[in-house]
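Below you'll find the structure, written out as structure tokens, and then a few comments.
The values are calculated or read from the model by the stated rules, or taken from the named source; none is laboratory data. If you're wondering where the values come from, they're calculated on a predicted model, not measured in any experiment. So basically every Cβ, Gly included, is an ideal-geometry build from the backbone, and we count neighbours across all protein chains shown. In case anyone asks, the SASA skips ligands and DNA or RNA and just uses the protein heavy atoms, side chains included. Shrake-Rupley method; radii C 1.70, N 1.55, O 1.52, S 1.80 Å.
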Amino acid sequence: MDSLGTKLRRQRRRLGLTLDELAGRTRISKPYLSLIETGRVPNPPSDEKLRRLEQILGFPTGELLSQAHIQRTPRDVRAVLARLLQQGSVAGAHASANGNRNGKTDPANGSAHPSSSVAAPINLDDFFLNGMLQEMVEQSAGNVEQVATNAVPVINRVSAGYPRDFTDLSYPKGVADDYVGCPDVHDKDAFAARVHGDSMMPKYREGDIVIFSPAAEPKNGDDCFVRFDDSQTTFKRVFFENDDAGSPSIRLQPRNERYRPQTVPSERVTGLYKAMFRYQRVNQD
């Protein structure tokens, strides 16, 4: 049984499609498709993306989904499933053999009547399906290559202005359209975002790429990627304060003096990620 990536690449080439063409038809980025085909993503794509790939590449409905679901199953569960399948096949084969030996021959037609205590013979289709599932379990346990890298995914852009709706494009964790190298980042969950807007000027300009670390503890005055409970995000300096009633709040302070600060209740903030490094645009038109 081929791995999911190998199967996708073979079918794509059979249809004469380039990665660029497949990316355009499926609305899945070319870099991510390349990672899937080479087995360098830690988890299979989302079900939505797999359905698009099935449709565009002409796979039977559910074929890629089934293989991906097995691949997502934890390794220890796959091992138990494999043992159960093997034990079930062996037990069924023994039962079938015992039935043939213990059966009585009908003088009229020479057929054997199995004893009532003997299990019915196993259908050959069951053997085939179990064998296919067994092979998928074994293959899926080792078809993902874990790649150690300091490449940080650029997940999208962050608003250096008023909060904006944010999306990570539904890609698995650690996967994005673009990556930036940063050897000094030691947080495996680090991510990067492009600055959009001018509220953090002059330190950060539109188009700069900022790397954020969820593992770093933000302190007063730190520049942070801020995520709110409604999924909107912004990029601001943060100050931990209390409001007039004494409740914890966070002041979001722009660096650009043209923008006014905003104070929000702490419970509205669901993520606060400290800026660690900046890739600045060379051409500042």
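Give the residue, chosen from ASP20, ASP47, that is among the charged types (D, E, K, R) and touching a His at 6+ places or on another chain (Cβ under 9 Å).
Details: ASP20 fails: touching a His at 6+ places or on another chain (Cβ under 9 Å).
Of the residues listed, the single one that is among the charged types (D, E, K, R) and touching a His at 6+ places or on another chain (Cβ under 9 Å) is ASP47.
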- Item | Given (1) closer than 30 Å to VAL41 by Cβ; (2) at pLDDT 90 or above; (3) surrounded by fewer than 19 Cβ atoms within 10 Å (Cβ to Cβ), number of the condition ARG260 does not satisfy | (1)
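One line per residue, one yes/no per condition, for (1) in contact with a strand residue (DSSP E or B) (Cβ under 9 Å, 6 or more places away or on another chain); (2) open to solvent by less than 30 Å² (accessible area, probe 1.4 Å); (3) of a type in the set (D, E, K, R):
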| residue | (1), (2), (3) |
| --- | --- |
| GLY16 | no, no, no |
| GLU21 | no, no, yes |
| GLY24 | no, no, no |
| PRO31 | yes, no, no |
| PRO45 | no, yes, no |
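For ALA215, are the conditions met, namely being under 27 Å from ASP184 (Cβ atoms) and part of a loop (DSSP other than H, G, I, E, B)?
On the way: under 27 Å from ASP184 (Cβ atoms): yes; part of a loop (DSSP other than H, G, I, E, B): yes.
The answer is yes for ALA215.
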- Among the residues of the range 255-278, count how many are touching a strand residue (DSSP E or B) at 6+ places or on another chain (Cβ under 6 Å) and within 27 Å of ASP184 (Cα to Cα). 9
- Selection status of SER213, free of Cβ contacts under 8 Å to residues at least 24 places away in the same chain and buried (at least 17 other Cβ atoms within 10 Å of the Cβ): no
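Scan the range 235-249 residue by residue and report those that are at pLDDT 90 or above and either among the charged types (D, E, K, R) or open to solvent by less than 10 Å² (accessible area, probe 1.4 Å) (or both). Talk me through it step by step, then tell me what you get.
Restricting attention to the range 235-249, the residues satisfying the condition of being at pLDDT 90 or above are 235-241, 248-249.
Across the range 235-249, the qualifying residues are PHE235, LYS236, ARG237, VAL238, GLU241, SER249.
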- Message: It is to be established whether one or more residues within the range 199-210 are part of a strand (DSSP E or B) and open to solvent by less than 50 Å² (accessible area, probe 1.4 Å).
- Response: yes
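If you check ARG251, ARG278, ARG268, ARG260, which single one turns out to be under 28 Å from the mean Cα position of the chain (by Cα) and over 16 Å from VAL195 (Cβ atoms)?
Details: ARG251 fails: under 28 Å from the mean Cα position of the chain (by Cα); ARG278 fails: over 16 Å from VAL195 (Cβ atoms); ARG260 fails: under 28 Å from the mean Cα position of the chain (by Cα).
The conditions single out ARG268.
Looking at the range 1-45, which of the residues that are of a type in the set (S, T, N, Q) and under 21 Å from GLY62 (Cβ atoms) is modelled with the highest pLDDT? Before you say what the answer is, go through the steps one by one.
At the first step, the residues of the range 1-45 found to be of a type in the set (S, T, N, Q) are 3, 6, 11, 18, 26, 29, 34, 38, 43.
So of that shortlist, the ones also under 21 Å from GLY62 (Cβ atoms) come out as 3, 6, 11, 26, 43.
On the way: SER3: 85, THR6: 89, GLN11: 93, THR26: 90, ASN43: 74.
Restricting to residues being of a type in the set (S, T, N, Q) and under 21 Å from GLY62 (Cβ atoms), the top hit is GLN11.
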